[in-house]
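S.K.: For reference, the structure I am asking about is given below.
The values are calculated or read from the model by the stated rules, or taken from the named source; none is laboratory data. Since the model is a prediction, treat every value here as computed from it, not as a measurement. Ideal geometry is used to build each Cβ from the backbone, glycine not excepted, and the neighbour counts take in all protein chains shown.
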Amino acid sequence: MNDFSYLHTDCLELSIYLGCDKFPHGSELRREWEDNKEALLTFMEQVHRGIKGLGTDQQGQPIPHRTV
């Protein structure tokens, strides 16, 4: 995770590297994609797991200091 983005923009982003070569040659990109496509898509699907929702009262107003 890039500290600057997280601390100064509240943006949660990840940088994922497959090896020591940060900038692989263009001719290697198709093979890297095919070798890692399923794992990356499975990783991205995990964002839909868990409990989601809003903590509101009966009038639809946010409940301050709520704990789930």
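S.K.: Would it be correct to say that Leu40 is surrounded by 10 or more Cβ atoms within 10 Å (Cβ to Cβ) and assigned to a loop (DSSP other than H, G, I, E, B)?
M.R.: no
S.K.: Out of all the residues in the range 43-68, which are surrounded by 10 or more Cβ atoms within 10 Å (Cβ to Cβ), modelled with pLDDT under 90 and assigned to a loop (DSSP other than H, G, I, E, B)?
M.R.: Gly55, Arg66
S.K.: Among the numbered criteria (1) at negative phi; (2) part of a loop (DSSP other than H, G, I, E, B), which single criterion is violated by Glu32?
M.R.: For Glu32, the exception is condition (2).
S.K.: Restricting the first residue to the range 24-35 and requiring it to be of a type in the set (Phe, Trp, Tyr) and modelled with pLDDT under 95, which pairs with a second residue that is in a helix (DSSP H, G or I) and surrounded by 10 or more Cβ atoms within 10 Å (Cβ to Cβ) meet a Cβ separation below 9 Å and a spacing of at least six or different chains?
M.R.: Partner pairs satisfying both residue conditions: Trp33/Leu40.
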